[in-house]
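A.B. asks: One structure, as structure tokens, below. Some questions next.
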Amino acid sequence: MVIVFGLGFAFLGVGSGGLDLGQMIRDTFGAKGGGGSTSVSEAQKRVNEHPRDPKAYKTLADALERKGRTDETITALEQYTRLAPKDATQLARLGRLEYNQADAAAAEANAAYTEQQTVFAGSTFGPSSTSKLGQAIGQVPITQAVSTKVSTRVQDATTKFSTASSKAITTFQKVAKLKPDSDSYFSLAQAAEHFRNDKVAVSAYTKLLKVEKDAATKARIRAKIKTLQAALKKPGG
């Protein structure tokens, strides 16, 4: 089935003196990896020589991200955060990458699903499999091979989305636990809502409400909580 996601953030708006929500998004989800010019091979060598050194994994993650190798960057940062579990900055960075990875997987799943329907449509307009001609011809080997390949793409991308989106939410929960402030709660709430985990989103928005000071922003948060709670009460919510 098609994976349909409300891509993009559900902004609460900015009240006078309240949360600069747009900047939060840029800071949390748009931050880049660390600087430096260490190559991937050099960083990997250091990891091999010092497998318990968290800095080695961060250096490797930085080098990999500069090359656009997102999946490998995530793996390196996961190892780093296991060794340095209280580094909220790198946890937020990991969450951003997992978030982007999930979105990319969703796009791939949708593209593969569309291609799959095209293949199935071609089969539909051929002779019926129960007709004499259909039984004689059978399924064209090329069509069968393409169908199998595309179905595998859909399944793999869907699985990757499910894993990455769950990891992103879990990672932002860790950030919020380390830094129970408006920035962390907002990031968690937005990620959870984006990936349709309304229960976690409500919890995060509720915590955000307790630390937010601006009256206008608080009103928007309450409205958001009410909308999500209503969605949770619906069948399947």
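A.B. asks: Counting only residues that are over 12 Å from the mean Cα position of the chain (by Cα) and surrounded by fewer than 22 Cβ atoms within 10 Å (Cβ to Cβ), how many does the stretch 160-176 have?
C.D. replies: In the first step, residues of the stretch 160-176 are kept if they are over 12 Å from the mean Cα position of the chain (by Cα); the result is 173-176.
Still in the list and also surrounded by fewer than 22 Cβ atoms within 10 Å (Cβ to Cβ): 173-174.
Looking only at that region, the number is 2.
A.B. asks: Can you work out which of the residues in the stretch 209-229 that are open to solvent by less than 30 Å² (accessible area, probe 1.4 Å) and touching a residue at least 60 places away in the same chain (Cβ under 8 Å) is nearest to Ala102 (Cα to Cα)? Break it down into steps so the answer makes sense when it comes.
C.D. replies: Start the filter on the stretch 209-229 by keeping residues that are open to solvent by less than 30 Å² (accessible area, probe 1.4 Å), which leaves 212, 214, 217, 221, 225, 228.
Those left that are additionally touching a residue at least 60 places away in the same chain (Cβ under 8 Å): 212, 214, 217, 221.
Numbers: Glu212: 29, Asp214: 32, Thr217: 29, Ile221: 25 Å.
That would be Ile221.
A.B. asks: Which condition number in (1) at pLDDT 95 or above; (2) open to solvent by 60 Å² or more (accessible area, probe 1.4 Å) is the one that Leu232 fails?
C.D. replies: Exception for Leu232: condition (1).
A.B. asks: Within the stretch 181-237, can you find the residues that are among the acidic types (Asp, Glu) and not in a helix (DSSP H, G or I)?
C.D. replies: Residues of the stretch 181-237 that are among the acidic types (Asp, Glu), as a first pass: 181, 183, 193, 198, 212, 214.
Across the stretch 181-237, the qualifying residues are Asp181, Glu212, Asp214.
A.B. asks: Confirm whether Lys199 is in contact with a Phe, Trp or Tyr (Cβ under 7 Å, 6 or more places away or on another chain), among the basic types (Lys, Arg) and over 24 Å from Arg82 (Cα atoms). I'd like the intermediate steps shown before the answer.
C.D. replies: Details: in contact with a Phe, Trp or Tyr (Cβ under 7 Å, 6 or more places away or on another chain): no; among the basic types (Lys, Arg): yes; over 24 Å from Arg82 (Cα atoms): yes.
So Lys199 does not fit the description; no.
A.B. asks: Here's another thing I want to ask about it. Cβ-Cβ under 6 Å, sequence separation 6+ or interchain: first residue in the stretch 75-98 and more than 18 Å from Thr59 (Cβ to Cβ), partner basic (Lys, Arg). Which pairs?
C.D. replies: Close Cβ pairs satisfying both conditions: Ala88/Lys179; Glu98/Lys167.
A.B. asks: Another one. If Ser128 satisfies every condition in (1) modelled with pLDDT under 95; (2) of a type in the set (Gly, Ala, Ser); (3) within 24 Å of Ser162 (Cβ to Cβ); (4) open to solvent by 10 Å² or more (accessible area, probe 1.4 Å) but one, which is the exception?
C.D. replies: So Ser128 meets the others, but not (3).
A.B. asks: Which of the residues that make up the stretch 177-208 are under 21 Å from Lys160 (Cα atoms), open to solvent by less than 40 Å² (accessible area, probe 1.4 Å) and out of contact with any Gly (no Cβ under 9 Å at 6 or more places or on another chain)?
C.D. replies: If the condition is that a residue be under 21 Å from Lys160 (Cα atoms), open to solvent by less than 40 Å² (accessible area, probe 1.4 Å) and out of contact with any Gly (no Cβ under 9 Å at 6 or more places or on another chain), then Gln190, Ala192, Phe195, Val200 are the ones that fit.
A.B. asks: Filter the stretch 39-68 down to the residues that are more than 22 Å from Ala92 (Cβ to Cβ) and not in a helix (DSSP H, G or I) and list them by number.
C.D. replies: Those that are more than 22 Å from Ala92 (Cβ to Cβ) and not in a helix (DSSP H, G or I): Ser39, His50, Pro51, Arg52.
A.B. asks: Now for a separate question. Only one of Ala76, Ala43 is small (Gly, Ala, Ser), under 18 Å from Lys167 (Cβ atoms) and at pLDDT 95 or above; which? Walk me through how you get there before you give the answer.
C.D. replies: Numbers: Ala43 fails: under 18 Å from Lys167 (Cβ atoms).
The conditions single out Ala76.
The values are calculated or read from the model by the stated rules, or taken from the named source; none is laboratory data. Computed from a prediction, not measured in an experiment: that's the story for all the values here. Because the Cβ atoms are built from the backbone with ideal geometry, glycine has one as well, and the counts that use them run over all protein chains shown. With ligands, DNA and RNA removed, areas are computed over all heavy atoms of the protein, side chains included. Shrake-Rupley method; radii C 1.70, N 1.55, O 1.52, S 1.80 Å.
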